Amino acid sequence: MFEPARFIADCEAAMQSGGQPAVRALMAEAVSDRAAVIAALGEPKRAGIEVLHTSPILTVLNLVWGPHMTVMPHNHHMWAVIGIYGGREDNIYWRTLPDGARWPLEAAGAGSLMPGDACSLGKDIIHSVTNPLGKLTGALHVYGGDFLRQQREEWHEETLQKGPYDTAKARRLFEDSNSRIGVR
């Protein structure tokens, strides 16, 4: 049975003993039982970010992507572990190009995460995220630090120009997604 408080405590203990690989193993175990995660967190009803835990060493989020929602390329400046418990999350991984290149970024790879999948992202990764489905996608995200206070960057979705991460813009993306599906 998935219990959020137990999962958080186990992740904090894993931070002391095995770091990101140990947290990834905990995530894989957690999302292997989709029904247990949904029983504990509830069936996703709207796009958004629910903060389950934050501390200087660990942040745990329940993140729900809206149908066909896309988030621009961004970084975290800390490692992350993502586990999908419903829907699908498609990631494009980006790399920066030298000054003077035609574009500041180029796609360097991609991957899809399905229910039961867990993946690790390095602290220097830049990625964009899309929910390609016409329904909500539920994911647990664990970050190796205080994700909510971390200064980050984002790249404009069309021009790929780098700028500071805009939290208000990100919140609007979730709310716009909810408006499109008629959820308040």
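The values are calculated or read from the model by the stated rules, or taken from the named source; none is laboratory data. Predicted, not measured: the structure shown is a model, and the values here were computed from it. Every residue, glycine among them, receives a Cβ derived from its backbone with ideal geometry; neighbour counts consider all protein chains shown.
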In the set 173, 160, the lone residue that is in contact with a strand residue (DSSP E or B) (Cβ under 9 Å, 6 or more places away or on another chain) and under 25 Å from residue 115 (Cα atoms) is 173
Residue 67 vs (1) assigned to a strand (DSSP E or B); (2) in contact with a helix residue (DSSP H, G or I) (Cβ under 9 Å, 6 or more places away or on another chain): all pass except (1)
In segment 100-156, the residues that are more than 24 Å from residue 168 (Cα to Cα), assigned to a strand (DSSP E or B) and either modelled with pLDDT under 95 or among the aromatic types (Phe, Trp, Tyr) (or both): none
Suppose we keep only residues that are loosely packed, with under 13 Cβ neighbours inside 10 Å and modelled with pLDDT under 95 within segment 1-18. Which one would you say is nearest to residue 83 (Cα to Cα)? 1
Could you tell me which numbered condition residue 59 fails, if it satisfies all but one of (1) over 30 Å from residue 160 (Cβ atoms); (2) hydroxyl-bearing (Ser, Thr, Tyr); (3) touching an Asp or Glu at 6+ places or on another chain (Cβ under 7 Å)? (1)
Please state which one of 113, 61, 133 is within 20 Å of residue 31 (Cα to Cα) and under 10 Å from the mean Cα position of the chain (by Cα). 61
